[in-house]
Amino acid sequence: MIPSPPRVHIAKQGTIEGSLNPNKRVIQFLNVPYGTVQERWRPAVKPKSWTGIRDATKQGPVAPQPKGESRSSRAINSYSEFDFDDETTVIDERNCLNLNIFVHEDTLSQAVGAEQTSQETGGAAVMVYIHGGSFKDGANAMDVYDGSNLVRQSVKLGRPIIVVVLNYRLNFLGNFSCPELVADLQSDPRLFTDYDRSAGNWALMDQRLAFEWVHEHIHTFGGRADNITAFGESVGAVCINYHMLISQHHGLFRRAIMQSCAMNSAPAVRHDVEGKLYLDYLVDYFKIPKELSGKEKLERLKKVPAVKLGQAADSPRLRMFTPYVDGTIVPEDVRLWTHKTELYDHGVKAVIVGDMKDEGSMFVGSLGATTLQGWSRVYEKFCPPDAHSQQEWEAIYGKVESDADASRVSSKVIEHVAFTYPDFSALRALSKRRDLGEKDGLELFQYYFDQSIAAVDAKGLGWGAHHGVDLVYMFGPDLALKSVFTEEERQLSEKMQTAWILFAHGETTDQDLFPTRITRPVDDYEYHEIEKEALVFTPKCTIEKEHVSRQGRRVLEFWGRSEQWVHKTRAEKTEGEEGLRAGLLCIALPSDPTWL
């Protein structure tokens with residue numbers, strides 16, 4: 001029997017007390033620590049144990065980050081009631097590494113009844129969610145990430161799951177490096193491995209620690225450590241793609257759902273090039289004397305209060321953060337790395353990759369051009385300078401002759417460079433695995449999400465089925481179910497939840513939810529364009545099948561050439577603005593402060 005209020009003892013840590021929603025029969029344990037940041041820009045460590053009963057009924061600290069309207073995650077959270085920008089929110093660099101765990105009381109009762117003696121106890125599949133937010137903001141405290149309704153739906157289906165939502169370090173605390181920081185780590189006698197001495201990828205390292213916690217302790221809640229699905233949206237999906245390629249992170253999960261991004265949506269940058277720009281930005285922002293040595297500047301930054309360092313990420317010069325090519329965790333430019341099928345984790349047995357119909361619409365103001373005057377910057381960043389590429393660009397996008405053209409084409413360019421082509425790259429690499437479609441081999445799915453939310457469309461934003469809308473359908477927060485969704489939209493939410501839950505259980509034979517799958521390499525363009533192997537969440541609130549590639553060979557081949565040009569240009573021109581301008585970068589150049 002579960003004690004009232006519900007309590008669980010976590011081995012080597014202590015006892016936590018959560019709360020039960022009696023209507024849903026779902027228990028939530030919030031702010032469960034999986035790691036502690038003992039020192040800035042160092043690997044996190046396992047948390048210390050505690051005595052007594054730890055209160056797990058309230059949201060825990062969030063990672064330092066910008067506040068207010070500047071947060072990229074704010075638009076997604078508008079579909080729920082909770083806003084973690086209020087005065088009750090705790091921002092804490094040291095203790096932000098926490099998990100929110102959602103489990104049905106029947107699942108937990110079975111684990112407690114089995115006396116928690118085995119890591120194989122219980123039959124619940126485990127779904128671990130990595131939130132998005134441009135590596136800049138976001139938190140598991142956002143109400144849209146409440147896993148209660150997803151868990152409730154799983155029990156209705158007789159396929160129980162446990163949902164775990166993790167926090168990780170963000171912006172300058174999670175993804176930052178520079179030559180001085182590399183030297184600082186390399187000279188630290190407390191760090192014994194190349195992995196621990198690597199610089200700039202603490203967000204990914206934190207996530208690895210979280211998955212390791214789940215492996216070690218989820219049986220206590222009734223979950224199966226051998227049946228973990230990683231799912232994430234935006235940079236959450238980017239992280240999943242990185243984990244599948246980072247050799248030290250293999251084995252973290254068995255299945256993966258990548259929503260609206262893949263690894264080369266946020267390609268890792270260089271500590272000695274882009275990292276210098278970030279350092280210079282911080283030196284200017286905090287008015288650190290420029291005449292100081294690089295080492296002295298770094299020491300000053302170590303002492304900056306974490307809240308202020310997070311707030312420093314709020315600038316028109318900064319759009320997003322990315323991992324770093326550190327030679328250990330990320331060994332090379334991911335524009336090359338993402339295509340190497342043999343390096344993917346072959347322990348991952350099923351993958352879903354997909355995106356929204358109107359991915360680029362909400363980013364035109366920040367990543368694109370809203371005027372004809374600004375359009376040339378977009379063109380120069382992504383179109384190779386050779387005549388053939390320029391002809392192909394015009395054939396695909398047409399001529400831009402007005403402000404309206406600039407906005408319209410910007411939306412499509414952003415969609416293609418940041419979503420369509422990266423997703424295709426991941427699918428293409430995975431589809432070349434030799435075990436694709438074999439018994440106990442890889443199952444591979446692509447989806448498109450075409451359904452917007454009528455109540456949002458009525459506001460006149462013109463975003464359509466924009467980036468992040470699928471999260472509202474997937475989690476189904478109470479506010480959306482009660483007063484935002486139409487009846488048809490509520491039904492689609494239930495269908496999406498059901499599909500993801502069955503996928504987590506390895507059950508993908510339902511022809512209504514999984515009418516098709518990818519069975520051959522998708523770089524066979526003729527086959528890729530005529531076979532209907534993509535799932536489509538349609539505006540009719542149904543799930544149907546459609547061609548794997550909507551964009552066609554011409555678009556995908558153009559962005560393949562663009563990617564090769566960006567890689568070559570950046571490799572050859574490590575100094576000067578030309579090499580920095582090529583491709584979608586994270587930080588504006590000093591001479592161009594209003595543009596990426």
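Read the figures in this text as sums done on the coordinates, not as results from a lab. In this text the structure is predicted, and so the values were computed from the model without any measurement. Ideal geometry is used to build each Cβ from the backbone, glycine not excepted, and the neighbour counts take in all protein chains shown.
Which far-off residues, 5 or more places away or on another chain, put their amide H under 5 Å from the one on Ala350, with H placed in the peptide plane? Amide H neighbours of Ala350: Ala256, Glu443.
For Lys568, Lys58, the sequence from fewest to most other C-beta atoms within 10 Å is Lys58, Lys568.
Going through the cross-link list Lys412/Lys495; Lys349/Lys439; Lys432/Lys532, which pairs have a Cα-Cα distance over 21 Å in this structure? Violating the 21 Å limit, Cα to Cα: Lys412/Lys495.
Label sites at Asn21 and Glu557, each approximated as a point 7 angstrom past Cα along Cα to Cβ, lie 5.0 nm apart.
Per-peptide packing, taken as the mean over residues of other Cβ atoms within 10 Å, places 481-490, 215-224, 428-437 in the sequence 215-224, 428-437, 481-490 from highest down. Ordering Trp50, Trp393, Trp375 by the number of other Cβ atoms within 10 Å of each residue's own Cβ, fewest first, gives Trp50, Trp393, Trp375. Shown is the FRET efficiency for Glu332 and Ser4, computed with R0 = 56 Å from the Cβ-Cβ distance and rounded to the nearest 0.05: 0.55. Ordered from longest to shortest, the equivalent ellipsoid semi-axes for the stretch 452-566 are 29, 21, 12 Å, each the square root of 5 times a Cα gyration tensor eigenvalue.
Using the average count of surrounding beta-carbon atoms within 10 Å as a protection proxy, the listed peptides 508-520, 28-40, 230-242, 305-317 rank, highest first, as 230-242, 28-40, 305-317, 508-520. Please tell me which of these pairs span more than 30 angstrom C-alpha to C-alpha: Lys67/Lys276; Lys12/Lys136; Lys24/Lys459; Lys12/Lys308? Among Lys67/Lys276; Lys12/Lys136; Lys24/Lys459; Lys12/Lys308, the Cα-Cα distance tops 30 Å for Lys12/Lys136; Lys24/Lys459; Lys12/Lys308. Each peptide in 526-534, 156-164, 94-102, 259-267 was scored by the mean count of other Cβ atoms within 10 Å over its residues; highest first, the order is 259-267, 94-102, 156-164, 526-534.
For Lys12 and Gln491, the FRET efficiency from 1/(1 + (r/R0)^6), where r spans their Cβ atoms and R0 equals 41 Å, is about 0.40.
Here the scattering of the stretch 225-300 is modelled by Debye summation over its C-alpha atoms, one equal scatterer each and no solvent; at q = 0.11, 0.22 Å⁻¹ the log10 of I(q)/I(0) is -0.48, -0.90. Distance between the 7 Å Cα→Cβ label points at Asp405 and Thr542: 3.9 nm. In this structure the amide hydrogen of Gly60, modeled in the peptide plane, comes within under 5 Å of the amide hydrogens of Asn31, none closer than 5 places in sequence on its chain. The DSSP beta bridges internal to the chain are antiparallel in roughly 40% of cases.
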